[in-house]
Amino acid sequence: MVHLIKPARQTTVSYVARVRHATEHYACVRAWWSRPAVDLGYMQFAPGDYLDEHFYAHHWYNIFAVYRQDGQLRGWYCNVSQPAQITPTQIVSVDVEIDLFVSPDCQQLLRLDVDEFEARDYQRINPDIYHQGWQALAQLEHLVHTRQFPFVTE
C-alpha cells in the first residue's frame, strides 16, 4: 500500500501497487491509473496508464515514470518529498509541494508548484525542509541532465 500525504491540502492519497523491487532504503512499485483522465497541459494521465514509482528512504524526492497503456513513456513526474518510510507492507511519502516534470526525451524540465512551496513559508518556520526541498530539486535536475537512473531511455 502506498500513502502519499499532501499536508497543504490535508489529504492522503492511498492506493495498492505491485512491488517490483524493494530494500529498506529503496522501493520501486508499479501502479495503474484508475481515475478519470487528467490533462495537465504538459502531460496527461489516462485510465490504463501505469506508473513505475521510485521511492527513496535517503533522498528528498520520489520519481514516477508514467507510461501509456501501450508502454510509451509519457514522461517523469517527480515529487519533492520528505524521505519515504518504506516497510514490507507500505510506503509513506510526505509531499513538500515542489514538483518537476521531465519530458520523455529529457529535453523539457518544468519546475512546478514553486509558488506553493514558497507560500508554505518553510524558509522561516522550517529552514531544514526549505533547504532540503531546493537541494532535492537540484539533485533531480542533475540526474536528468546526466541521464542517470531512472532518467534513461532506450
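Every number here is computed from the coordinates shown, using simple stated rules; none is lab data. What you see is a predicted model, and the numbers here were worked out from it, not measured in a lab. Cβ sites come from the backbone with ideal geometry, for glycine too, and all protein chains shown count toward neighbours.
Side notes on the structure shown:
- Sum of -39500 (n - 2.57) over DSSP H runs of 4+, divided by residues of the chain (222 nm, nearest 500): -5500 deg cm²/dmol
- Part-to-part distance (alpha-carbon centres) for segment 6-54 and segment 80-154, which is given in Å: 15 Å
- Value of relative contact order over segment 2-145, rounded to a whole percent, pairs C-alpha under 8 Å and six or more apart: 17 percent
- Note on the chain: Cα-Cα pairs beyond 26 Å make up 22% of the total pair count.
- Burial ranking of peptide ranges 104-112, 51-59 (average Cβ count within 10 Å, highest at the top): 51-59, 104-112
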